[in-house]
Protein chains: 2
Amino acid sequence: MAAVSKVLNNGYGVSADMRDRVLRSVEKLGYRPSFAARGMRGATDTIGVLLVDMRNPFLAGLTEGIKSDLASEGKVMMMSVGEAEMSIESSLIDAMIDMRMDGVILVAPCLTTDILSDYASQIPTVVIGHHDPEAEGFDTVNSDDCAGAQLAVEHLIARGHEDIWMLTAPLRPGGKEVFHMRERGYRLAMEQAGLADRMHVIRSDTSLGDNPDELVALLDDIPRPGAVFCWSDIHAIPLLTMARERGLRVPRDLAIVGYDNTPTAALPPIGLTSVEQHADQLGRQAAATMLRRVAEGSHGKHVLIQPNLVPRASS
Amino acid sequence: MAAVSKVLNNGYGVSADMRDRVLRSVEKLGYRPSFAARGMRGATDTIGVLLVDMRNPFLAGLTEGIKSDLASEGKVMMMSVGEAEMSIESSLIDAMIDMRMDGVILVAPCLTTDILSDYASQIPTVVIGHHDPEAEGFDTVNSDDCAGAQLAVEHLIARGHEDIWMLTAPLRPGGKEVFHMRERGYRLAMEQAGLADRMHVIRSDTSLGDNPDELVALLDDIPRPGAVFCWSDIHAIPLLTMARERGLRVPRDLAIVGYDNTPTAALPPIGLTSVEQHADQLGRQAAATMLRRVAEGSHGKHVLIQPNLVPRASS
């Protein structure tokens, strides 16, 4: 096998005859240099990507961005789904470490900063969708979620709304998630406009059923807001279609702004105003940050990308 | 390290004192049994899943089905994206083999049967969305795409349509892809209804731009069909929204049926009739088939799952 390695790696001290014999055997046996074997002593050229789920269309753009930038450096992306559960996330990162991946990119993990730092001491780690600008052990790449929410609320205020509610996800300890930052942006914009007493936040699980109670109550109870800023299109689109089904005129009776600018939001029959956070750019930036971390071992680089608002018929 | 292994594996011949010393060191060093090292001599409990892309929402249900059934057997799913390019697909399967994964599930690969058989001789292989009932080296799990297309066309015929066109993807050599089988179903249903001379097939790339020529021509040229059966919702939804933007009354001026029953099709403002192929069930069946193949080494099992039509406002 030493001879095989020397031939395959163009090593010294291999005669032409030996080279021919080895290459013939290699072809016959289908020999390949093993990633796993190489992994025992170094890089596998593989980056693990941990996703929250597969349902949010925002993730398609993100992973395409990661993949394209990794591919240009000859790295392969291997993804897995953590379902926003700490035990699943941990076991998948363990598996990625055990597979000797070069690094992991974690998308909106629910793990705490302490646990993330612990993993980061074992494997180069870049985190997306987790605001932690003080972290030193790992890098973060985020959209400026606070600024994006401010854009959305300022847009609604400019349209004459005052009773602007926010529809978001349940709070989590630590408060590093994107929806925490978006709520902060909502509150900042309302306070700056002197509308602090009009603030009203509704928290609804992201795995909406067929007729989510919180959305039904929001639409049917009196008083109803004049406008709703939703932390994600995955809440805003059902709210929009349910409002229209109930005969509400959107935006006259109820204006709605979403977040993520998903392909469905852009369809004319939907026409949802939404905040574009440039998923592809976030993915590419995360890949670039990872490649730099693997190569140079940088420390605690934190990138913020500026979002913008895409106005449509819903507001 | 031999002592460490013996302790961790409750091996024989380890004194209590030795066990204590080893376990303390293990804790201190963060030692973990390596997947890669275990992979050198057997199972890594990891199944590789090769996807076409991340944009088709159909894949979310599919991968959730795969994941849930693998998880119940303690197996981890690692996904990668082949982009329907042979060289990328090959290098990713190579990587999965090199990482000593237990098996690979390939979703709608563009590789030929010969190449798939060659890989199947190296790693347990299950293929989804590739009709190859004669294959012996690997298993397939498919929706009955021919039957699904017949359901769609028979539905349009029952609604009084005769000029029914099909919008599908460009032909590929081999003809194992789902859209080939759906075209076969379209042709069968048209022939059985005596409408063979009304058949008309339009092929459009799946990566639609902003104003895809084929769709514009279909809507603007005269004669225009009375109904269009689309091989996938990713074609049907843009066609539907473009038709409405042009002032066509759907379904009166143009009826449209899609395929995959994606979440967007079900939104009331879209209301697209579509064929439900039970992505979750396909995924679970593929996982079960893989687990059986890994455990028992079965040969050439081919599963067909029956689809059904979900009628909505577009037809």
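Structure notes:
The rows are residues; the columns are (1) within 20 Å of residue B:228 (Cβ to Cβ); (2) of a type in the set (A, V, I, L, M); (3) in a loop (DSSP other than H, G, I, E, B).
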{"position": "B:283", "(1), (2), (3)": "no, no, no"}
{"position": "B:287", "(1), (2), (3)": "no, yes, no"}
{"position": "B:292", "(1), (2), (3)": "no, no, no"}
{"position": "B:309", "(1), (2), (3)": "yes, yes, no"}
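- In region A:97-112, the residues that are outside any loop (DSSP other than H, G, I, E, B), in contact (Cβ under 8 Å) with a residue 40 or more places away in the chain and touching a Phe, Trp or Tyr at 6+ places or on another chain (Cβ under 9 Å): A:104, A:106
- One residue stands out among those in region B:46-60 that are in a helix (DSSP H, G or I) and more than 23 Å from residue A:87 (Cβ to Cβ): the one that is farthest from the other protein chains (Cβ to nearest Cβ), which is B:58.
- Every condition in (1) part of a loop (DSSP other than H, G, I, E, B); (2) free of Cβ contacts under 8 Å to residues at least 60 places away in the same chain holds for residue A:174 except the one numbered (2).
- For region B:263-281, filtered to residues that are within 14 Å of chain A (Cβ to nearest Cβ) and in contact with a strand residue (DSSP E or B) (Cβ under 7 Å, 6 or more places away or on another chain), the residue that is surrounded by the fewest Cβ atoms within 10 Å (Cβ to Cβ) is B:265.
- The set of residues in region A:251-260 being within 18 Å of residue A:232 (Cβ to Cβ) and either among the aliphatic types (A, V, I, L, M) or surrounded by fewer than 24 Cβ atoms within 10 Å (Cβ to Cβ) (or both) consists of A:254, A:255, A:256, A:257.
- Residue match in region A:61-78 (condition: within 11 Å of chain B (Cβ to nearest Cβ), modelled with pLDDT of 95 or more, within 27 Å of residue A:260 (Cα to Cα) and not in a helix (DSSP H, G or I)): yes
- Each residue in region A:89-100 was checked for being in contact with a helix residue (DSSP H, G or I) (Cβ under 8 Å, 6 or more places away or on another chain) and either among the polar types (S, T, N, Q) or more than 8 Å from chain B (Cβ to nearest Cβ) (or both), and 2 pass.
- Of the candidates B:220, B:213, the single residue that is at pLDDT 90 or above and more than 13 Å from chain A (Cβ to nearest Cβ) is B:220.
- Only one of A:126, A:107, A:153, A:141 that is within 14 Å of chain B (Cβ to nearest Cβ) and among the β-branched types (Val, Ile, Thr): A:107
- One residue from B:219, B:239 being in contact with a Cys (Cβ under 7 Å, 6 or more places away or on another chain) and either surrounded by fewer than 18 Cβ atoms within 10 Å (Cβ to Cβ) or outside any strand (DSSP E or B) (or both): B:239
- Options B:163, B:139, B:197; residue that is out of contact with any Leu (no Cβ under 8 Å at 6 or more places or on another chain), at pLDDT 95 or above and in the same structural domain as residue B:62 (by TED's automatic domain parsing): B:139
- Failed condition for residue B:183, given (1) in contact (Cβ under 8 Å) with a residue 60 or more places away in the chain; (2) away from every other protein chain (no Cβ under 14 Å); (3) acidic (Asp, Glu): (1)
- Test: residue in region A:86-93 that is in a helix (DSSP H, G or I), free of Cβ contacts under 8 Å to residues at least 60 places away in the same chain, surrounded by fewer than 24 Cβ atoms within 10 Å (Cβ to Cβ) and within 15 Å of the chain's Cα centre (by Cα): yes
- Residue check for residue A:129: within 18 Å of the chain's Cα centre (by Cα), under 19 Å from residue A:93 (Cα atoms) and surrounded by 18 or more Cβ atoms within 10 Å (Cβ to Cβ): yes
- Summed over region A:242-261, the residues that are in a loop (DSSP other than H, G, I, E, B) and farther than 20 Å from residue A:153 by Cβ give a count of 4.
- Scanning region B:79-88 for residues that are modelled with pLDDT of 95 or more and among the polar types (S, T, N, Q) gives a single hit, B:80.
- In region A:190-210, the qualifying residues are those that are within 12 Å of chain B (Cβ to nearest Cβ) and not small (Gly, Ala, Ser), and the one that is surrounded by the most Cβ atoms within 10 Å (Cβ to Cβ) is A:208.
The values are calculated or read from the model by the stated rules, or taken from the named source; none is laboratory data. Quick caveat: nothing in here was measured; it's all calculated off a predicted structure. Backbone-built Cβ (ideal geometry, glycine too); neighbour counts: all protein chains shown.
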